[in-house]
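Quick note: the coordinates plus some simple rules give every number you see, no bench work behind them. Keep in mind that what you see is a predicted model, and the values were worked out from it rather than measured. Cβ placement follows ideal geometry from the backbone for every residue including glycine, while neighbour counts extend to all protein chains displayed.
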Amino acid sequence: MAKAFEMKDFDLTGKVAWVTGASYGIGFAIAKAFHAAGAKIVFNDRGQEQLDKGFANYKENGMNDVHGYICDVTKEDQVIETVKKIEKDVGVVDILVNNAGIIKRIPMTEMSAEDFRAVIDVDLNAPFIVSKAVIPGMIKKGHGKIINICSMMSELGRETVSAYAAAKGGLKMLTKNICSEYGADNIQCNGIGPGYIATPQTAPLREKQPDGSRHPFDQFICGRTPAGRWLDPEELAGPAVFLASDASNAVNGHILYVDGGILAYIGKQPK
Ligand code: NAP
Ligand code: GCO
């Protein structure tokens, strides 16, 4: 018989949480929320300059106790080395968020195989590499939480994002497979599927036009979102804390779409 629910089931105190690529954007917002919930925060970036910018962002938000490492998540040797450093400096990873990601918006017939592979490498191969590196520690510890940052493109396609959609569709299935393979080790692997979030990654889609008008894509997305607006990275915080906490121990292999209703909505009817 499971124990009775308590609010402390949402508490992350004492947990070691690694959010990949969390110097800014969605990863940063999730790391901030985990910190507020009591977790020890680990983040990484590809170079010292980016890492220092990340530390400055955390410091600006009163987070002086985060741990940061230089690690390109596509490089397995760097990832293995980083896990060793985390385990020595902070502790065995309890919560992993595979957040680091890129997008290249190029019409498919104009996209080079190299560009396609580069997106798959960060958005799909890296979550495999990093999850593979942290799962043994989670098994030894007897529990673990993996959260993969999926996308609307885990379910839908659109022009110019073939590589990204292929990666995020694959990430949805990798999530379900980790659930299937390691659920017996008390590891829960779920996804968060953000809608359209105002971060540097989507800045080009919100840029003002030369005549000062709104970007056509900006208008399009607001028409596809019931609330008629872009979402803020902070709006992913609560769902992420839920999936990282004991409150979700019976949730596994699920993609939680935090999209303001985009996937449920045919779109605003033209006036
Ligand atoms: P972002 O602002 O572009 O931030 C991406 C982060 O990933 C950056 O910190 C970046 O670091 C890091 N990164 C990229 N490649 C890396 C690598 N090889 N090794 C280590 N770190 C790497 O993106 P975002 O909007 O916050 O998105 C974060 C995640 O959410 C991505 O997986 C994205 O696909 C997904 N997502 C975004 C949206 C959205 O609307 N924004 C919606 C759904 C899903 P550098 O500074 O070094 O590049
Ligand atoms: C795009 C956007 C999207 C968002 C996100 C939607 O070009 O369509 O970048 O892909 O980043 O993934 O969930």
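Here are the numbers for the structure shown:
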item	result
5 Å-binned pair-distance histogram of segment 90-190 (Cα, whole percent)	2, 14, 23, 20, 15, 11, 7, 4, 2, 0
Listed peptides 200-210, 81-91, 126-136 by packing density, highest first (mean Cβ within 10 Å)	126-136, 81-91, 200-210
Charge context of Pro216, other residues only, Cβ under 15 angstrom, K/R +1, D/E -1	+3
Contact order normalised by residue count of the chain, Cα under 8 Å, 6+ apart, percent	20
Proxy reagent accessibility, fewest Cβ within 10 Å first, across Lys268, Lys8	Lys8, Lys268
Summed residue charge, Cβ within 11 Å of Thr160's Cβ, Lys/Arg positive, Asp/Glu negative	+1
Segment 15-139 - Rg over Rh from alpha carbon coordinates, Kirkwood radius	1.00
For segment 159-271, radius of gyration divided by Kirkwood radius, i.e. Rg to Rh on alpha-carbons	1.05
Asp65 paired with Gln201, simple spin-label distance in nm, labels 7 Å along Cα-to-beta-carbon	2.9
Of Lys53/Lys85; Lys32/Lys88; Lys104/Lys141; Lys53/Lys104; Lys3/Lys85; Lys75/Lys104, those spanning more than 30 Å from alpha-carbon to alpha-carbon	Lys104/Lys141; Lys3/Lys85
Quotient of Cα Rg and 2.2 N^0.38 Å for segment 47-100, N being how many residues it contains	1.18
Virtual spin-label span in nm between Asp9 and Thr109, 7 Å along Cα→Cβ	5.4
Centroid-to-centroid separation of segment 246-269 and segment 119-180 [C-alpha atoms, Å]	16
Percentage relative contact order, segment 23-143, counting C-alpha pairs under 8 Å, at least six apart	24
Relative packing of 48-57, 114-123, which averages over residues the other C-beta atoms within 10 Å, highest first	114-123, 48-57
Relative contact order %, segment 151-271, counting alpha carbon pairs below 8 Å whose residues are six or more apart	33
Distant alpha-carbon pairs in the chain (separation over 26 angstrom), percent	41
Segment 140-211: Rg to Rh, with Rh as the Kirkwood radius over Cα pairs	1.15
Calculated over segment 7-53: convex hull of Cα atoms, volume per residue (Å³)	66
Long-range HN-HN contacts of Cys189 with modeled amide H, under 5 Å	Ile146, Cys179, Gly253
